[in-house]
1. When you go through (1) surrounded by 16 or more Cβ atoms within 10 Å (Cβ to Cβ); (2) modelled with pLDDT of 85 or more one by one for residue 25, which number turns out not to apply?
2. Of all residues in segment 35-56, count the ones that are surrounded by 14 or more Cβ atoms within 10 Å (Cβ to Cβ), of a type outside the set (Gly, Ala, Ser) and assigned to a helix (DSSP H, G or I).
3. Hey, which of the helices (runs of 4 or more DSSP H) in segment 106-223, taking only ones fully inside, have at least 1 residues that are of a type in the set (S, T, N, Q) and open to solvent by less than 60 Å² (accessible area, probe 1.4 Å)?
4. Restricting attention to segment 263-293, and to residues there that are aliphatic (A, V, I, L, M), within 30 Å of residue 210 (Cα to Cα) and at pLDDT 90 or above, which single residue is surrounded by the most Cβ atoms within 10 Å (Cβ to Cβ)?
5. Residue check, residue 118 against (1) under 26 Å from residue 259 (Cβ atoms); (2) touching a strand residue (DSSP E or B) at 6+ places or on another chain (Cβ under 7 Å), all met but one. Which one?
6. For residue 238, are the conditions met, namely being under 19 Å from residue 206 (Cβ atoms) and either in a loop (DSSP other than H, G, I, E, B) or of a type in the set (A, V, I, L, M) (or both)?
7. Quickly run through segment 57-69 and pick out the residues that are open to solvent by 100 Å² or more (accessible area, probe 1.4 Å) and in contact (Cβ under 8 Å) with a residue 60 or more places away in the chain.
8. Considering each of 84, 91 in turn, give the residue that is at pLDDT below 90, surrounded by 14 or more Cβ atoms within 10 Å (Cβ to Cβ) and within 27 Å of the chain's Cα centre (by Cα).
Amino acid sequence: MELKQLRSFAAVVRYGSFTRAAENTYLSQPTISTHIRALEEELNTQLLLRDTKNLQVTPRGQELYECACRMLELQDNLLQRWRQSDQHIIQLGASTIPSAYILPEVLPLYGKENPGSYFVVHQSDSRQVIEGVAGGLFDVGMSGMPCQDEAIRCEPFFRDRMVLITPVSRRFLAMQSQGQDALPELLHEPIILREAGSGSQKSADRFLAQMGLRETELRVTARVNDQESIKNLVSGGLGVSIVSEKAVRDFVAEKRLLAFPLPPGSAERNLYLLLPRHASADSLRFCSFVREFYRASQSLENEPQ
């Protein structure tokens, strides 16, 4: 089985015909047919059902197509990274909080010190970022969840805090004086949650477990992936939510949201830098910059006023 055969097969499935596949891959139609016939003979299975008018993919063909797409994506990404190596381009995968609130802080400063470095940022949830680093799609990852894969170097670089946010109203303002004692009552409000693969939701789940609550006992009004959308929906009165304190500092300062602290043990979590074991010099340099930047900034935050 050769990659050129898989590329021809994937093109036929994608475009729905041998003719269009040949046009888009700049190969002849007989070459496309030869590649697919070789695959079917090697695998001893029929991949496509075809007659003069229709082309259908068999179940085994669909399975091979999905596998081929992943293999070809890895090949394309590897070749692209090698072509870009002299240009110092870093493919960076980041989950929601790092993408929206960490990278805007560090990339401009890093760019000033390293004017020849460039970034292509891919935003995913934490689970997909980990998979992207493990699969070679990303040179560097930033995640809200730790990684147990031995092929990946995983280290914390930022200590984040989780808070419960509510709209600004007389009732919620009156509850602020209760601090953490208000949490049981607040959790009976309609609540907006993140998707299951996010690090923020993992932290929220730990807090709910500490409170003795299962998700089925909550009044979940929506699941929203985007942190900015959650802030706007809560501000507009759709419900409460459990989010990163860093993500809502602006809305709290502008008095568009109220933030309630969570109990010790469930209120804090780490954000992580992820690197493949054989990381490039550019990736290592960037991660070192990020670690030093947040070591200094968080030390200042913790100094007594």
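1. Here residue 25 clears every test but (2).
2. 4
3. Values: elements: 126-134, 170-175, 183-186, 199-210.
The qualifying helices (runs of 4 or more DSSP H) are 126-134, 199-210.
4. Looking only at segment 263-293, we keep the residues that are aliphatic (A, V, I, L, M), and these are 267, 271, 273-275, 279, 281, 284, 290.
Now restrict to residues that are within 30 Å of residue 210 (Cα to Cα): 267, 271, 273-274.
Next, from what is left, pick out any that are at pLDDT 90 or above: 271, 273-274.
Numbers: 271: 25, 273: 23, 274: 28.
Across segment 263-293, the extreme among qualifying residues is 274.
5. (1)
6. Values: under 19 Å from residue 206 (Cβ atoms): no; either in a loop (DSSP other than H, G, I, E, B) or of a type in the set (A, V, I, L, M) (or both): yes.
Spelling it out, it is not the case that residue 238 is under 19 Å from residue 206 (Cβ atoms) and either in a loop (DSSP other than H, G, I, E, B) or of a type in the set (A, V, I, L, M) (or both).
7. Step one: list which residues in segment 57-69 are open to solvent by 100 Å² or more (accessible area, probe 1.4 Å), which gives 59-60, 63.
Correct list: empty.
8. On the way: 91 fails: at pLDDT below 90.
Unique residue meeting the criteria: 84.
The values are calculated or read from the model by the stated rules, or taken from the named source; none is laboratory data. Note that the structure is a prediction, hence the values are computed from the model and not measured. Glycine gets a Cβ as well: all are built from the backbone with ideal geometry, and neighbour counts include every protein chain shown. SASA here: full protein model, heavy atoms, side chains in, ligands and nucleic acids out. Shrake-Rupley method; radii C 1.70, N 1.55, O 1.52, S 1.80 Å.
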